[in-house]
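Notes for the one structure printed next.
The values are calculated or read from the model by the stated rules, or taken from the named source; none is laboratory data. Since the model is a prediction, treat every value here as computed from it, not as a measurement. Every residue, glycine as well, gets a Cβ built from its backbone with ideal geometry; the counts of neighbours run over all protein chains shown. Protein only, heavy atoms only, side chains kept; ligands, DNA and RNA dropped before computing areas. Shrake-Rupley method; radii C 1.70, N 1.55, O 1.52, S 1.80 Å.
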Amino acid sequence: MARLLVLLASLLLLGTTARAAFPPTLIVDMAKILLDNYCSPEKLVGMEEAIDAASSNTEILSIEDPLALSAVLTEGVRSTISDPRVSVSYEPNYAPPPAPPSLADLPPEQVAAMLQGTVKVEVMEGNLGYLRIQHIIGEEMAQQIGPLLIQHVWERILPTDALVLDLRFTTTGELSGIPYIVSYFTDAEPQIHIDSVYDRPSDSTTDLMSMPALMGARYGTAKPLILLTSAATRGIAEDVAYALKNLGRATLVGEHTAGGSVKIDKIKVGETDFYVSVPTARSTSPVTGKSWEVVGVEPDVEVASEDALDVALRIVHLRAQVPALLQASATLIAENYAFESVGADVAAKLSALATSGEYAMVNTKEELEVKLSADLLKLSGDKSLKTTHNVPALPAVYPPEVIIELIKVSFHTDIFENNVGYLRFDMFGDFEQVKAIAQVIVEHVWNKVLDTDALIVDLRNNVGGPTTSISGFCSYFFDGDKEIVLDKLYDRPTGATRELVTLPTLTGKRYGSQKSLLILTSGVTAGAAEEFVYIMKRLGRAMVIGETTAGSSHPPVTFRVGESDLFLAIPITHSDTSQGPAWEGAGIAPHIPVPADAALDTAKGILNKHFAGQK
């Protein structure tokens, strides 16, 4: 109330000179119009008391320029109720717009010509419908020209496989037209609550519901619907866009809309030539509990208005491909995933998703990749089964001094109390790449810990990498006098099982099988690192300290999905055991479970106690 009182009083006290340029009741009359008609009366609490206080003021308005006064009044009202839609204008020659002519008596060809001026319909390449509307007609006109709309517009649209509804140029419309448009894109039953519109003058609320009966057939809910918007999209068109978006029926592409009003009335102030344009109704979505008015409608895919149609075409094209892409992905997984039964189950469920509509609202290839990866993880529990990019790594060519520096930062070594060595690295390398620089690694890393009496290998931050170098690394911790089978690896695509064995010759000296080896793990330890931990634990060569490992899989192989630019990373190999998965999925439990950050101190304590007992 205080703000309103200040507003009215300040407007009345704009001048204290003697001459009255305008009727002294102008401000009070304007305030009463707002009180009786403004769509959000809760913002006007205290208005009546403010009017009484202002009307008792004996001062008079003194601004002589009516346009200047209307600008002052507009600014005052807007700042008080925080609504940019309210305005005051001075229009001595204003005449209300004439009522639209009845079309019932016009010849059909003339009505058809009028339609062509406001509606554009086209069937584009790929059986894609395009419908542009400049004005949304109301119920009365729809009844008058409905048969012509069906004949000249709708019957061309119905057979299409997808529709682009262009509202970028739609700035006017009738409230009663909202259920008509929305209903053509919903099912007849059950009825859907589209919108609730509160009318202030009548103090009543109308629920807009979908229509169970329509002229012509419905477009339905199965075919893609893309709705184009721009910063000029206003009013009733915004309501249609907001409803279809929140019902999950349309994808909005374009610009943030204007943020207009479902209904604005221009009301004459007393006997003056001033008018107040005021929103007299407000829309509230039953889905969101909010309104698009003032704030506008945010598109799902925001692009410049002039680019919206091209983007919409790309979205429709992508969605048309999605079912086939999912089916092809399912086939690849069924034929290649390391664990056949899991692969078959994932493939069956993914095939079901392909026809379920789960992917019906995908807008970009990136969205498809994210959703598909999430679904594959949910269906398989395998983080390695996912979409990927087919970008082959270029072989790096570095001068020797750079290689040495890279090795120094990739490996960390130390010598602790009791001549205990420490070796940390966070990624396994490919065998061929490691082979090329093996001598450098031996000289600058391995030889630093070779002559220790025990060794701690820290894999707490090792996320995996290729398993091709596992045989070589394991071999350093066994004697070279005999070949040891480290693991048996089953390859799903070929159905073959190969043995992973120690190597007879190595670069540098072996650590051997007699000295103590402790391995530190965490929930991050994954992939190739898990295979190493699994082998050393199973063969009794190392004590594992820390947390259960990630439970990932052997490194996946990249597969192209059909002829598309979508790629899948599919694990095709697993450790071959008669008991089922060795570590894939479940991880490897440590001998001594401790939090990862306590693992190193625990290992040191065990070794120090061990060496103390030998003294």
The computed P(r) of the chain puts the percent of Cα pairs beyond 31 Å at 67 percent
Rh (Kirkwood, all Cα-Cα pairs) for segment 453-577, Å, reads 15.7 Å
With the dipole of the chain defined by +1 on each Lys or Arg Cβ and -1 on each Asp or Glu Cβ, the option from 461, 337, 27 whose Cα lies farthest towards the positive pole is 461
The set of residues whose placed amide H lies less than 5 Å from the amide H of residue 252, leaving out same-chain residues fewer than 5 positions away, is 227, 300, 301
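Given charges of +1 on the Cβ of Lys and Arg and -1 on the Cβ of Asp and Glu, with all other atoms neutral, how large is the dipole of the chain about its Cα centre, in debye to the nearest 20?
Charge dipole of the chain: 1900 debye, to the nearest 20.
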For residue 557, the residues 5 or more places away or on another chain with a placed amide H closer than 5 Å to its own amide H are 570, 572
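At 0.36 nm per residue, and after removing the present C-alpha to C-alpha distance, how many nm does the segment from residue 222 to residue 432 gain when stretched out fully?
Value of the extension gain: 70.4 nm.
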Computed over the chain: longest principal axis from alpha-carbon atoms vs helix 139-149 long axis, angle to nearest 10 degrees, is 70 degrees
Reduced to Cα centres, the span from segment 477-527 to segment 171-226 in Å works out to 68 Å
Each label sits 7 Å from Cα toward the beta-carbon; between residue 118 and residue 187 the label points are separated, in nm, by 3.3 nm
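For the chain, what does -39500 (n - 2.57) per DSSP helix run (n ≥ 4), summed and divided by total residues, give at 222 nm, in deg cm²/dmol to the nearest 500?
Computed ellipticity for the chain at 222 nm equals -10000 deg cm²/dmol.
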Ignoring ligands and nucleic acids, residue 80 exposes an accessible area, probe 1.4 Å, in Å² to the nearest 10, of 20 Å²
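Enter the accessible area per residue of the chain (Å², integer; probe 1.4 Å; all protein chains in place). Can you show the working numbers first?
Details: 29070 Å² over 615 residues.
I get 47 Å² per residue for the chain.
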For segment 402-463, the dipole about the Cα centre with charges only on Cβ (Lys and Arg +1, Asp and Glu -1), to the nearest 20 debye, works out at 100 debye
Ignoring ligands and nucleic acids, residue 119 exposes an accessible area, probe 1.4 Å, in Å² to the nearest 10, of 30 Å²
Karplus ³J(HN,Hα) for segment 187-200 (6.51 cos²θ - 1.76 cosθ + 1.60, θ = phi - 60°; Hz, whole; x = Gly/Pro) runs 8, 5, 9, x, 5, 10, 7, 8, 7, 10, 10, 8, 9, 5
Semi-axes a, b, c in Å (a largest) for segment 187-249, each sqrt of 5 times a Cα gyration tensor eigenvalue, come to 23, 19, 10
In degrees, nearest 10, the alpha-carbon axis of helix 108-118 is tilted away from the dominant principal axis of the alpha carbons of the chain by 60 degrees
Computed from every Cα-Cα pair in segment 117-216, P(r) in 10 Å bins starting at 0 and rounded to whole percents is 14, 42, 34, 8, 2
Diffing segment 330-343: the Karplus 3J(HN,Hα) column from phi (6.51, -1.76, 1.60, θ = phi - 60°), in whole Hz with x for Gly and Pro, holds 4, 5, 4, 5, 4, 8, 10, 4, 3, 9, 4, 5, 5, x
Residue separation between residue 151 and residue 202 times 0.36 nm, minus their alpha-carbon distance, gives in nm 14.5 nm
For residue 516, other-chain or 5+-apart residues with amide H closer than 5 Å (H placed, Pro excluded) are 455
Along segment 385-390, Karplus-curve 3J(HN,Hα) (6.51, -1.76, 1.60; θ = phi - 60°) to the nearest Hz, with x for Gly and Pro, reads 8, 6, 6, 8, 10, 8
Checked against the positive end of the charge dipole of the chain (+1 on Cβ of Lys and Arg, -1 on Cβ of Asp and Glu, about the Cα centre), the farthest of 222, 153, 188 is 222
Nearest 10, in degrees from 0 to 90: the angle of helix 528-538 to the longest Cα principal axis of the chain is 40 degrees
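Taking a threshold of 25 Å on the Cα-Cα distance, which of the pairs 515/604; 383/482; 488/609; 378/537; 120/371 fall above it?
Details: 515/604 15 Å; 383/482 37 Å; 488/609 36 Å; 378/537 30 Å; 120/371 35 Å.
The answer is 383/482; 488/609; 378/537; 120/371.
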Correct semi-axes for segment 527-615, from √(5λ) of the alpha-carbon gyration tensor and rounded to whole Å with the largest first, are 37, 14, 10
With +1 on the Cβ of every Lys and Arg and -1 on the Cβ of every Asp and Glu, the dipole magnitude of segment 475-615 about its Cα centre, in debye rounded to the nearest 20, is 700 debye
